[in-house]
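Q: I have a structure I would like to understand better, so I am pasting it below and will then ask my questions one at a time.
The values are calculated or read from the model by the stated rules, or taken from the named source; none is laboratory data. Every value quoted in this text rests on a predicted model; they were computed, and no experiment measured them. Note that each Cβ is placed from the backbone with ideal geometry, even for glycine, and that neighbours are counted across all protein chains shown.
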Amino acid sequence: MLNGWPVVIASDDDRPPNWENAKDMLMSTNSASPTTRATRPRIVILGGGFAGVTVAQALEHHLRTGEADVVLVSRDNAFVYYPLLPEIVPGQIRIEDILSPIRLVAPHARLLMGSVQAIDLDAQLVHVRYGLDHGPTDELTLPYDHLVLALGGIPATFNIPGINEYTYQIQRLGHAFALRNHLIDLLEQAEATDDRELRRALLTVVVIGGGATGVELAAAVEELLSRALHYYRGLQQSDYRVVLVHALERLLPEAPTALGDYAERMLHRRGIDLLLNRPVVQVEPDAVILKDGTRIAAHTVISAIGVQPHPLARALPVEHDRQGRIVVEPTLRVPAYPNVWAIGDLAAVPDPNTGSAYPPTAQHAIAEAETAAHNIAATLRGRPLHAIQYRTRGQMVTLGHRTAVAAIAGRVITGHLAWWIWRTYHLLRLPRWERRLRVVFDWTLDLFFPPELVRLPVSQLTPRANAAAPVAEPVSAPANPR
């Protein structure tokens, strides 16, 4: 049925476009049934994030024309550049600036927007549901010769009651936009009341998690609120409070100690309350409960405690590590299944430099994807495979107000220079020059003009909708180099 498809990339993070007759469109290239195998090898990629899209791009360079068909399955038709997501909160860039159509990012790949329902490794079949968000749906069975698992992960909960129902989870793209709208709405409500206690409750924001994502989000929220004060004349700095709660003893535990110490000093200087070594045990609709019994009243709670492997990956009959990630060989192959490859956040990829698994960041997902693409092409041609040999380039965390901290090649860089390096790096990593120019334009406007404090009256996700919302496929800590 899919004979003649060039490269199709499938990711479980988005829903299909306007395909009322999706099956007819798919069948138009061949009259075979959905389970009929193509005459050429078919490579199916599950996931449209950093790992999945990079595999599709790399296969374009490694494969000769007509050597194989590549199918990419994704719940979204857009690639999301998550490292810049925190800049959406204070309005320094627009949400569409970090979205790039997969069909343009990987022009030689064929995209199927759909949700992966099941994976049968023994039969070499992937079951996909596609259709409109609120319209008719249908299912499709994709046979494969090689399967790339790049589904990413979902927001972690650590079994904390209420965290999935009452928090904004930045790994969900819709929540980043909703969070900004929500904060502006609270500013308007606080401006309208003379009750100082109510103002304080409205403008208390709790961020759970002191890793790179949590630090960047706390800094972004504080920057939005502090810059907004000039335009909400009834409000004072004492009316808002940003609290960063972390279960461990220091911020940025995955980074060199110097980075965490600098981040702690800068956030404390900005008035952000740092509650370290204080685990959260419950989240309520209007409060956060800590292990020591402390109750923090807050109308806004943001979860940034990391991600866990995609449920489909955890359910596969393969070896997993303690975190639920698929154990792979250094070549990215899944043991016992020589035609299945796992990369990105759902894979435990051994780092030859440290002996442990690579962390779940975009820079590592990209390196894994490039190695996997090379090895898939080598397998098709009967050539030797290469083991991944990637060395982490460094780590960078933006701290708001044009400051950042970075560790590059063993050297710690702080302040405005680190912020400039952070922005330059991510600007150059953005796909397509059109998006880069849009970001530069927005950054330039932000330097010379007041912040955009517009609340958009549109329908959007709320924390209470988390349990019912489909999981996105992003899952890379937005703070590290990619």
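Q: As an exercise: evaluate Ile272 against (1) assigned by TED's automatic domain parsing to the domain that holds Ile208; (2) in contact with a Phe, Trp or Tyr (Cβ under 6 Å, 6 or more places away or on another chain); (3) surrounded by 15 or more Cβ atoms within 10 Å (Cβ to Cβ); (4) not small (Gly, Ala, Ser) and give the number of the one condition it does not meet.
A: Unmet for Ile272, out of (1) assigned by TED's automatic domain parsing to the domain that holds Ile208; (2) in contact with a Phe, Trp or Tyr (Cβ under 6 Å, 6 or more places away or on another chain); (3) surrounded by 15 or more Cβ atoms within 10 Å (Cβ to Cβ); (4) not small (Gly, Ala, Ser): (2).
Q: Just to verify a result, which residue in the stretch 145-161, among those that are in a loop (DSSP other than H, G, I, E, B) and crowded, with 24+ Cβ neighbours inside 10 Å, is modelled with the lowest pLDDT?
A: Looking at the filtered set, the residue picked out is Gly152.
Q: Follow-up. Condition first: more than 21 Å from the chain's Cα centre (by Cα), outside any strand (DSSP E or B) and modelled with pLDDT of 95 or more. Now tell me which residues in the stretch 102-143 satisfy that.
A: Leu121, Asp122, Ala123, Gln124
Q: Considering every residue within the stretch 217-225, establish whether at least one is within 30 Å of Leu346 (Cα to Cα) and in a loop (DSSP other than H, G, I, E, B).
A: no
Q: Something else now. Pull up the stretch 390-437, narrow it to residues that are of a type outside the set (A, V, I, L, M, F, W, C) and on the phi > 0 side of the Ramachandran plot, then point me to the one that is modelled with the lowest pLDDT.
A: Gly410
Q: Can you find a residue in the stretch 325-340 that is closer than 29 Å to Ala220 by Cβ, modelled with pLDDT under 95 and assigned by TED's automatic domain parsing to the domain that holds Val148?
A: no
Q: Return yes or no: is Gly174 on the phi > 0 side of the Ramachandran plot and touching a residue at least 12 places away in the same chain (Cβ under 8 Å)?
A: No: the conditions fail for Gly174.
Q: Another question about this same structure. Of the residues Leu147, Leu142, Leu179, which is in contact (Cβ under 8 Å) with a residue 60 or more places away in the chain and closer than 29 Å to Asp239 by Cα?
A: Leu179
Q: In addition: Restricting to the stretch 182-215, give me the number of residues that are in contact with a Gly (Cβ under 8 Å, 6 or more places away or on another chain), touching a residue at least 60 places away in the same chain (Cβ under 8 Å) and over 16 Å from Thr167 (Cα atoms).
A: Residues meeting the conditions: 1.
Q: Which residue, of Glu67, Glu96, is modelled with pLDDT of 90 or more and in a loop (DSSP other than H, G, I, E, B)?
A: Glu67
Q: Looking at Val327, Val307, Val318, Val334 in this structure, which one is within 30 Å of Ala372 (Cβ to Cβ), surrounded by fewer than 17 Cβ atoms within 10 Å (Cβ to Cβ) and of a type in the set (Val, Ile, Thr)?
A: Val327
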